[in-house]
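> Mind having a look at this structure? Questions to follow.
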4 protein chains.
Amino acid sequence: MSANSFGRRFSLSCFGESHGELIGVVVDGCPAGLKLSERDIQGELDKRRPGSTLYSTRRAEPDAARIVSGVFNGYTTGAPICILITNRDVDSRPYEDFRFKPRPGHADYTARVRYGAFNDYRGGGRFSGRITASFVAAGAIARKLLARLGVEVYGHVCQVGGVRAERAPTLEELKRAYENPARCALPELAGRMEDLLRQTVAEGDTVGSMVEAFAFNVPPGLGDPVFHGLDGDLAALIFAVPGVRALSVGMGFEAPSMKGSEFVDEYTVSGGKVVHETNRCGGILGGISTGGVIHVRVAFKPPSTAFKKVKTVNVEAVREEYLEPWGRYDPCIGVRAVPVVEACLALVLVDHCLNQGVIPVVLRDEH
Amino acid sequence: MSANSFGRRFSLSCFGESHGELIGVVVDGCPAGLKLSERDIQGELDKRRPGSTLYSTRRAEPDAARIVSGVFNGYTTGAPICILITNRDVDSRPYEDFRFKPRPGHADYTARVRYGAFNDYRGGGRFSGRITASFVAAGAIARKLLARLGVEVYGHVCQVGGVRAERAPTLEELKRAYENPARCALPELAGRMEDLLRQTVAEGDTVGSMVEAFAFNVPPGLGDPVFHGLDGDLAALIFAVPGVRALSVGMGFEAPSMKGSEFVDEYTVSGGKVVHETNRCGGILGGISTGGVIHVRVAFKPPSTAFKKVKTVNVEAVREEYLEPWGRYDPCIGVRAVPVVEACLALVLVDHCLNQGVIPVVLRDEH
Amino acid sequence: MSANSFGRRFSLSCFGESHGELIGVVVDGCPAGLKLSERDIQGELDKRRPGSTLYSTRRAEPDAARIVSGVFNGYTTGAPICILITNRDVDSRPYEDFRFKPRPGHADYTARVRYGAFNDYRGGGRFSGRITASFVAAGAIARKLLARLGVEVYGHVCQVGGVRAERAPTLEELKRAYENPARCALPELAGRMEDLLRQTVAEGDTVGSMVEAFAFNVPPGLGDPVFHGLDGDLAALIFAVPGVRALSVGMGFEAPSMKGSEFVDEYTVSGGKVVHETNRCGGILGGISTGGVIHVRVAFKPPSTAFKKVKTVNVEAVREEYLEPWGRYDPCIGVRAVPVVEACLALVLVDHCLNQGVIPVVLRDEH
Amino acid sequence: MSANSFGRRFSLSCFGESHGELIGVVVDGCPAGLKLSERDIQGELDKRRPGSTLYSTRRAEPDAARIVSGVFNGYTTGAPICILITNRDVDSRPYEDFRFKPRPGHADYTARVRYGAFNDYRGGGRFSGRITASFVAAGAIARKLLARLGVEVYGHVCQVGGVRAERAPTLEELKRAYENPARCALPELAGRMEDLLRQTVAEGDTVGSMVEAFAFNVPPGLGDPVFHGLDGDLAALIFAVPGVRALSVGMGFEAPSMKGSEFVDEYTVSGGKVVHETNRCGGILGGISTGGVIHVRVAFKPPSTAFKKVKTVNVEAVREEYLEPWGRYDPCIGVRAVPVVEACLALVLVDHCLNQGVIPVVLRDEH
């Protein structure tokens, strides 16, 4: 599998750089017969694009998606779907300074070691959060496929710095998460998060965050252990999102502190079906969906871009130097990453639905 | 990629069930010319096998490894290396009860949904922690390859229930981690962990845990972004280990609570080389090794097997029933998982060393 | 994908050497719920094993297959199925001579360049035709799965040296192909082939051959273009069989000499279904099955092992030397390769049936 | 591996349809540091594009390649390289007739079975020879990489209908193969081939053909048996080229008629190196390059498009109907396929050079 491709049955091949001509993705394995328009893609992209929330970079990108293959007469054909998103607001001048002076906390230095002097350092190149636009574009197709099964994926920001969720949001709350600038589904928390974000921006600092995502109505039995369990596949994809530092499934972060008698989810019968009474496992056991709500949390670091002077090294001269504060950045990754985490979860679920025949290779009913 | 295969350049194909005839692994992609004997494998397996620590299942398995292909005259040939580990102490009788009454917290139920009535439920079948013996066997080869580069991997238990590490262990401490029954490298903590383990066993309960692992002397520049970064590949592999619920790279769990100004690792020059002054990123930036120590933590749930009666459902009759407490189990996964996490980290590192030519396909110097 | 693994949905990972302890294969992706016993495997292996025909090596191998994982209570579980075949009649002494003096026409030299001095040269090691026992073992499972759909695969020897088939055999003739020592389905040819084989052995020479295989009742629409068409996948697998030098689909060898007006297969309606009037395309168009009989031919070189002295080079001394004639060999590959080609065709068909959901991941009806 | 991706280390993901907006390819795994411009790509594309020879379709396509990612300051960066080729001369009207009446010999029917009514049938859609423009574009990069090692790939048309080569061309002849309209490197044959092509066009018919390709200066030891030998990988790729019906390595087509004593290539010493005295094996033994010239032949069927009326079936009405002769077509695939076969051979060789570290992941010397 090549470095920029992901997925066994519904696979994406991503390309493009932050300050290159465009960002794009080829989705291969989408069933024939899905009604698909650029509007379907655009709706998801709009949630992620800069400016979609107050607390994001000032880079102004319309992120307009064009489908250039794989769709004919309004339906997917079964051929690979290529989606292109042109970069518009590219200002590479501030980045010249980073060519030899890597920004601490960014991949500038490791990319230079990995790819030599050839790495495209402008705007972070391939390491920019901007590449996740292609995940979201592909995820939009995944979500349309899942909707046919009634599967819905929702995310929100559950932590910003010291402000963190103490409870799970309801489905209704999740549906309104994008309505507040912090994208927190919990009404009692959203305001405090917003305050913290505002204060962080004022201080010229940035702040860490956590996004949690839920998938509802997932059929039980999805997953391909041992190396392609739902959680393993999701983990592989999530760590491709810039800024991710930890992933938890269900009560993952809390599990080490708990006793077995507290953690176990017992079974019961409800509506003639076997269900878990509780969902500490986050809807995945042994890499396979339980039929309960899938629940994952993703920890993002505070962005390393900041207004304050930082120490770095000139990699050519091999001497310490300082970097002046630089331009356009997001103060908090989580706020813009909500649709990205949702997309990742949707992509993995669709891959497994196709893997097990839950979604067929041709959707004969749609036509 | 098939469900039971992992790795792009140094790949393992695993097979075998907990109560079947054997457990095994085929390692493909190992360079020709590595001196390798069964003793090399056995040394690592002995760290994981039941009975290697007081706090493990009473199942008595010698876990004797046999190399049946890929080695000739004491050296690897470049052909696939098959390693077989025969199961000896198999007592499947207690598991008959679980055929229709899935154990809560185990994969009994999800496996039945996924594979129908055909799933081998004896001892957890493919979902048993026993399958990680094959990871450790393959990891032993990986560690021998890494040793040629001076790369060393060490792990220990950094948390059991409420007892958790407040500092990182030194390399010297890590080297002695296996000397105490809790496998905690911190002398100030090991005794308290052991007390907690003893008490947990006495109560017939189990407890969650966390394992952390470190890789020293990793060359900078390893990783294949965006989808095969070091962290992404490790995440994919780690979630195949039964009981894993969360993974963190560097200060991953803490990142959401931090400010950018606290989190960033600045660069400096040391011995003529560019290095990080701090290592909050855990040795990986943008999916690529920084040259610093790689640091990951893995959260394990408390084992679901216990002495106390639990509620379940008879899946044939679709009615609630109770399961009597059952037999042989580990009270705390982390204690036995230390060599498994070490193996996973070693496997991913070797895969990337091969991917980038840091380790050649033939080791011409060894002969 | 690792070097010794093949298949996307029904994948095999092969291992073992000609003179090592054993030959084996791990089949991953087999649906749960297939009734499977060692006898099913053995039946196919017996067709390939040395001594199954007069015109084969004198090496005496029972080729007894053991299933050591993935089957429980007589049914496949969905877990990887490992099959082991122990080597019995190993006489490596004659091969010491080949360590530094590669046999012309064998892979002795190229393997030494590829893997250094570490290559296992005994009996050809990984390059021996013996490795195809693992293809046949896996193919036996594939054939059982195909039988559920009514798909049947048959092969025979259609050419030995100058004796070649001028017509296609009937299904009835194909079913009796194994009854004559030349394994030629055409009664008018079998005797002449046998004469040629006998004469070739008498002369201490070997002879080239061609095997053709047919698949009947293949559902139309199988194939995953552009890079995983039925023909492309089959080609990739067939060229792993030692001695293969060419592959043709339908009238492939003849196509360059033909006009379009002679070659085209027109459509007609038969029994309410669209069918081809002729089948020059060999049942595959655009990489996808037409619903007609699949027809492929595989050209084998004459084995390079012979009774006559040949010139080679001592690779250490880098000087010309001669090799004395050596031991046990097959005078004609095709005769023993019939079950191998059948297995390859069956394996590719099953992979695609699974890929498109024609065979489900659990066979719920068998239990 | 997804259906439209090929290659393990130097991989291509192809997309686009004959009458869609564009054709494209994402090349992933190209080393950083290769000097690359659109002119490099264009030079190869120009050899394949319609109108490059008299005997091709009248469709007028400039086939102008645009590199939209992966190149920065004139050098490859190590990131995926996306190349787009816009379709200009699209006239889909004649194809409406084929929607329900599949053209015999084309994939119209099988594609409809495979993808349902959603398949893009215009101009053959994904099944058009036009998709090979993306192979050639990717192959241009591969050839630049190979040129660094002195490896050169040349092809020519060695057979058209009854006119066939009786000898191998010299390197000098191969270099001039594109100078005559039949693209036959043998001066004594080119004229006769051209006559046959002219006559075929005059008759409104088409003709089969054979392309042979050679790779010079290939280092010995390339190949990854058993399933990724050089020949197996090439076979998998070649069968993705529309119209291919057979592949032969070295004396593959002739091998079944030969004796072992005639076929074997003996070794000798030349210039202090081990070489083959003859090259009947076509430069590949056991899936590994011998260091001799690689020689393959690819058989193409006569194109099925023709001026004459053919019988087909209306797939909706399920009744026989006739198709009037249709528009723009190539009378002989081989003439335009020469650069495609060359590209395929170059792509496979580069993949293996990368796989074995013969080409490094960063070309530090170029900058």
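The values are calculated or read from the model by the stated rules, or taken from the named source; none is laboratory data. On a predicted model such as this, the values are computed, not experimentally measured, just so you know. So basically every Cβ, Gly included, is an ideal-geometry build from the backbone, and we count neighbours across all protein chains shown. Surface areas here come from the heavy atoms of the whole protein model, side chains and all, with no ligands, DNA or RNA. Shrake-Rupley method; radii C 1.70, N 1.55, O 1.52, S 1.80 Å.
> Sort through D:122, D:103, D:126 and tell me the only one that's of a type outside the set (A, V, I, L, M) and facing another protein chain (nearest Cβ under 7 Å). Show your work before the answer.
Values: D:122 fails: facing another protein chain (nearest Cβ under 7 Å); D:103 fails: facing another protein chain (nearest Cβ under 7 Å).
That would be D:126, the only listed residue that is of a type outside the set (A, V, I, L, M) and facing another protein chain (nearest Cβ under 7 Å).
> Against the condition within 15 Å of residue D:140 (Cβ to Cβ), modelled with pLDDT of 95 or more and within 9 Å of another protein chain (Cβ to nearest Cβ), how does residue D:26 come out, does it pass?
Working: within 15 Å of residue D:140 (Cβ to Cβ): yes; modelled with pLDDT of 95 or more: yes; within 9 Å of another protein chain (Cβ to nearest Cβ): yes.
Considered against the rule, which asks whether it is within 15 Å of residue D:140 (Cβ to Cβ), modelled with pLDDT of 95 or more and within 9 Å of another protein chain (Cβ to nearest Cβ), residue D:26 comes out as yes.
> Here's a follow-up. If I ask for residues that are at pLDDT 95 or above, within 23 Å of residue D:81 (Cα to Cα) and open to solvent by 30 Å² or more (accessible area, probe 1.4 Å), which ones from the stretch D:126-169 would you list?
D:143, D:144, D:147, D:148, D:149, D:152
> Quickly run through the stretch C:189-231 and pick out the residues that are under 30 Å from residue A:78 (Cβ atoms), in contact (Cβ under 8 Å) with a residue 40 or more places away in the chain and either within 7 Å of another protein chain (Cβ to nearest Cβ) or out of contact with any Leu (no Cβ under 8 Å at 6 or more places or on another chain) (or both).
Here is the first cut: in the stretch C:189-231, the ones under 30 Å from residue A:78 (Cβ atoms) are C:213-231.
Now narrow it down to the ones that are in contact (Cβ under 8 Å) with a residue 40 or more places away in the chain: C:213-226, C:228-231.
Across the stretch C:189-231, the qualifying residues are C:220, C:221, C:223, C:224, C:225, C:226, C:228, C:229, C:231.
> Further question on the same structure: Find the residue count for the stretch A:294-312, including only residues that are in contact with a Leu (Cβ under 9 Å, 6 or more places away or on another chain) and more than 7 Å from chain B (Cβ to nearest Cβ).
5
> In this structure, is residue C:353 more than 8 Å from chain D (Cβ to nearest Cβ), of a type in the set (A, V, I, L, M, F, W, C), under 29 Å from residue A:358 (Cβ atoms) and outside any strand (DSSP E or B)? So that I can check it myself, show each step before the final result.
Details: more than 8 Å from chain D (Cβ to nearest Cβ): yes; of a type in the set (A, V, I, L, M, F, W, C): yes; under 29 Å from residue A:358 (Cβ atoms): yes; outside any strand (DSSP E or B): yes.
So residue C:353 fits the description; yes.
> Give the stretch C:104-117 a look and list any residue that's open to solvent by 10 Å² or more (accessible area, probe 1.4 Å) and more than 22 Å from the chain's Cα centre (by Cα), or say none.
The answer is C:109, C:112, C:113, C:114, C:115, C:117.
> I need the full set of residues from the stretch B:323-349 which are within 12 Å of chain A (Cβ to nearest Cβ) and either modelled with pLDDT of 90 or more or under 17 Å from the mean Cα position of the chain (by Cα) (or both), in order please.
Hits for the stretch B:323-349 are B:330, B:331, B:332, B:333, B:334, B:337, B:344, B:347, B:348.
> Now a separate question. Name the one entry in A:93, A:66 that is surrounded by fewer than 19 Cβ atoms within 10 Å (Cβ to Cβ), away from chain B (no Cβ under 14 Å), modelled with pLDDT of 95 or more and farther than 26 Å from residue B:229 by Cβ. Step through it out loud before you land on a result.
Numbers: A:93 fails: modelled with pLDDT of 95 or more.
Step by step, each of A:93, A:66 is checked, and only A:66 is surrounded by fewer than 19 Cβ atoms within 10 Å (Cβ to Cβ), away from chain B (no Cβ under 14 Å), modelled with pLDDT of 95 or more and farther than 26 Å from residue B:229 by Cβ.
> Right, something else. If a residue counts only when it is in contact with an Asp or Glu (Cβ under 8 Å, 6 or more places away or on another chain) and open to solvent by less than 10 Å² (accessible area, probe 1.4 Å), which strands (runs of 3 or more DSSP E) contained entirely in the stretch C:212-283 have at least 1 such residues? Lay out the reasoning, then the answer.
Numbers: elements: C:244-249, C:267-270, C:273-276.
Answer list for the stretch C:212-283: C:244-249, C:267-270.
> Do any residues in the stretch B:101-113 that are over 16 Å from residue B:319 (Cβ atoms) and assigned to a helix (DSSP H, G or I) have Cβ atoms under 7 Å from those of residues that are of a type in the set (Gly, Ala, Ser) and open to solvent by 10 Å² or more (accessible area, probe 1.4 Å), where the two are at least six apart or on different chains, and which pairs are they?
B:110/A:286; B:111/A:286
> Check the stretch B:327-346 and report whether any residue there is of a type outside the set (Asp, Glu) and farther than 26 Å from residue B:178 by Cβ.
yes
> Condition first: assigned to a loop (DSSP other than H, G, I, E, B) and within 14 Å of chain B (Cβ to nearest Cβ). Now tell me which residues in the stretch A:159-179 satisfy that. Break it down stepwise before answering.
Of the stretch A:159-179, the ones assigned to a loop (DSSP other than H, G, I, E, B) are A:161-162, A:165-170, A:176.
Passing the criteria: A:161, A:162, A:165.
> Of all residues in the stretch A:80-90, count the ones that are in contact with a helix residue (DSSP H, G or I) (Cβ under 9 Å, 6 or more places away or on another chain) and surrounded by fewer than 18 Cβ atoms within 10 Å (Cβ to Cβ).
Result for the stretch A:80-90: 1.
> Just the residues that are in a helix (DSSP H, G or I), under 22 Å from residue D:169 (Cα atoms) and either acidic (Asp, Glu) or under 12 Å from the mean Cα position of the chain (by Cα) (or both), please, taken from the stretch D:135-158.
none
> A further question follows. Counting only residues that are in contact with a strand residue (DSSP E or B) (Cβ under 7 Å, 6 or more places away or on another chain), open to solvent by less than 50 Å² (accessible area, probe 1.4 Å), more than 30 Å from residue C:113 (Cα to Cα) and not in a strand (DSSP E or B), how many does the stretch D:284-321 have? Walk me through how you get there before you give the answer.
First pass over the stretch D:284-321, keeping only residues in contact with a strand residue (DSSP E or B) (Cβ under 7 Å, 6 or more places away or on another chain): D:284, D:290-302, D:309-315, D:318-321.
If we keep only those that are open to solvent by less than 50 Å² (accessible area, probe 1.4 Å) too, we end up with D:284, D:290-302, D:310-315, D:321.
So of that shortlist, the ones also more than 30 Å from residue C:113 (Cα to Cα) come out as D:299-302, D:310-315, D:321.
Next cut, not in a strand (DSSP E or B) only: D:301-302, D:315.
Residues that pass the stated criteria total 3.
> In the stretch A:68-103, what residues are within 30 Å of residue D:124 (Cα to Cα) and within 21 Å of the chain's Cα centre (by Cα)? Please lay out each step first, then the result.
Initial filter on the stretch A:68-103 (within 30 Å of residue D:124 (Cα to Cα)): A:68-86.
Of everything in the stretch A:68-103, those that are within 30 Å of residue D:124 (Cα to Cα) and within 21 Å of the chain's Cα centre (by Cα) turn out to be A:81, A:82, A:83, A:84, A:85, A:86.
> Tell me, yes or no, whether the stretch C:45-59 has at least one residue that is farther than 26 Å from residue B:72 by Cβ and either at pLDDT 95 or above or within 7 Å of another protein chain (Cβ to nearest Cβ) (or both).
Checked the stretch C:45-59: no residue is farther than 26 Å from residue B:72 by Cβ and either at pLDDT 95 or above or within 7 Å of another protein chain (Cβ to nearest Cβ) (or both).
> Looking at (1) more than 21 Å from residue B:168 (Cβ to Cβ); (2) touching a Leu at 6+ places or on another chain (Cβ under 7 Å), which is the only condition residue B:238 fails?
Here residue B:238 meets the rest and fails (1).
> For the stretch C:255-305, which residues satisfy the criterion of being free of Cβ contacts under 8 Å to residues at least 12 places away in the same chain and not aliphatic (A, V, I, L, M)?
Matches in the stretch C:255-305: C:256, C:257, C:259, C:260, C:261, C:262, C:267, C:268, C:270, C:271, C:272.
> Of the residues A:38, A:17, A:61, which single one is acidic (Asp, Glu) and surrounded by 24 or more Cβ atoms within 10 Å (Cβ to Cβ)?
Working: A:38 fails: surrounded by 24 or more Cβ atoms within 10 Å (Cβ to Cβ); A:61 fails: surrounded by 24 or more Cβ atoms within 10 Å (Cβ to Cβ).
After applying the criteria, what remains is A:17.
> Right, next: Those residues that are touching a Lys or Arg at 6+ places or on another chain (Cβ under 8 Å) and among the aliphatic types (A, V, I, L, M), I need them from the stretch D:149-188; list them, please.
Those that are touching a Lys or Arg at 6+ places or on another chain (Cβ under 8 Å) and among the aliphatic types (A, V, I, L, M): D:153, D:157, D:163, D:177, D:185, D:186.
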